[in-house]
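Here the structure is laid out as structure tokens; the discussion comes afterwards.
The values are calculated or read from the model by the stated rules, or taken from the named source; none is laboratory data. The structure presented is a predicted model; accordingly, all values stated were derived computationally and were not measured. Don't worry about glycine lacking a Cβ; one is built from the backbone with ideal geometry, like all the others, and counts go over all protein chains shown.
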Amino acid sequence: MLTPSITQFDVEITSVLLAHRYTIEPGIEMDAYRRGRNMHGIVCPISGSGMFMFNHSEIVYLKPGEIALLPASSAYRMRSADAHPFEHYTVNFLGRTETLPDWIPRNSMYVLQPNDPALFLARFQELVEIWQRMRIGFRMHTKARLLSLLAEYLSECITQNVEPGAYNRILPARRLMETSYAQPLTIEQLAGVCNMNKGAFRRIYTQVYGRPPIAHLLDLRIEKAKELLLIGLSLEDTAMNTGFSDVNYFIRYFKKTTGITPGHFRNMY
């Protein structure tokens, strides 16, 4: 079962390079990416089936009703898997590979069978049409649509691999964190409001959110601290109002999480 290490993903898209509808006829092999893509791609089949032959000898078949994300570092050849043309939408884009969730394979592809394939197909069609019409601002509109599509794709990848009912089971703890983040909450309290033992609660919470519950609580406090810093609270008051009893620990943890000190963050904005 997939246990993502990050659920608050923020995939970077610096630019969209191409969005098109493409057909590979039977007997034709496409080898443009046999040395690597050099760009990310997300693929949505329309009809037929595609065979992706990766350089490390893995073969993956992609058919209608599935969506696949291909990182820039993947290298492969591609052809129709049978006697029918492989027709598909492809969107190629640039962005730092390290912003992809670390459970996405870097030398292959991650295939999703979405709950509503027709919805994804319609969104790919809309995205490609925006790109091809080339009206004012089409690059920005395409990027915006792609960001939304990627967010839905990655979210569904995660939720399909989480135990059924897991979100609802830990929801009371999540609500308690959001309303009482400044309080000295313990793992025992959080597990208790969910009527679970500590071990099971920690395991399921980490599976759903990709972070242990106390680490996630600290992340929430840092996000609240940013809001307080931006309205002018002192470091001491910000620390106290977000559950950090030690201002020095608050400063260290803020820098560890964001890469800058809280004072620097406040001055930036």
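In table form, for the structure just shown:
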| item | result |
| --- | --- |
| Selection within region 28-54 - within 25 Å of the chain's Cα centre (by Cα) and among the charged types (D, E, K, R) | Arg37 |
| Qualifying positions in region 226-269 - exposed (fewer than 14 other Cβ atoms within 10 Å of the Cβ), hydrophobic (A, V, I, L, M, F, W, C) and in contact with a Lys or Arg (Cβ under 9 Å, 6 or more places away or on another chain) | Leu230 |
| Residue count, region 163-203 (criterion: among the charged types (D, E, K, R), surrounded by fewer than 13 Cβ atoms within 10 Å (Cβ to Cβ) and either under 27 Å from the mean Cα position of the chain (by Cα) or not assigned by TED's automatic domain parsing to the domain that holds Leu220 (or both)) | 3 |
| Answer from Ser47, Ser73 - the residue that is at pLDDT below 95 and assigned by TED's automatic domain parsing to the domain that holds Gln113 | Ser73 |
| Any chance Phe124 is under 24 Å from Arg21 (Cα atoms), in contact (Cβ under 8 Å) with a residue 12 or more places away in the chain, hydrophobic (A, V, I, L, M, F, W, C) and in the same structural domain as Ile59 (by TED's automatic domain parsing) | yes |
| Cβ-Cβ under 7 Å pairs, at least 6 apart or on other chains, region 152-176 side part of a helix (DSSP H, G or I), far side loosely packed, with under 14 Cβ neighbours inside 10 Å and of a type outside the set (A, V, I, L, M) | Glu156/Asn115 |
| Residue ranges of strands (runs of 3 or more DSSP E) in region 1-118 with at least 1 members out of contact with any Cys (no Cβ under 6 Å at 6 or more places or on another chain) and among the acidic types (Asp, Glu) | 86-94 |
| Failed item in (1) modelled with pLDDT of 95 or more; (2) touching a strand residue (DSSP E or B) at 6+ places or on another chain (Cβ under 7 Å); (3) not acidic (Asp, Glu), with Gly65 passing the rest | (2) |
| Any hit, region 230-245, residues being of a type in the set (A, V, I, L, M), closer than 30 Å to Asp102 by Cα, under 28 Å from the mean Cα position of the chain (by Cα) and part of a helix (DSSP H, G or I) | no |
| Counted residues, region 82-105 - those being modelled with pLDDT under 95 and either among the β-branched types (Val, Ile, Thr) or touching a helix residue (DSSP H, G or I) at 6+ places or on another chain (Cβ under 7 Å) (or both) | 4 |
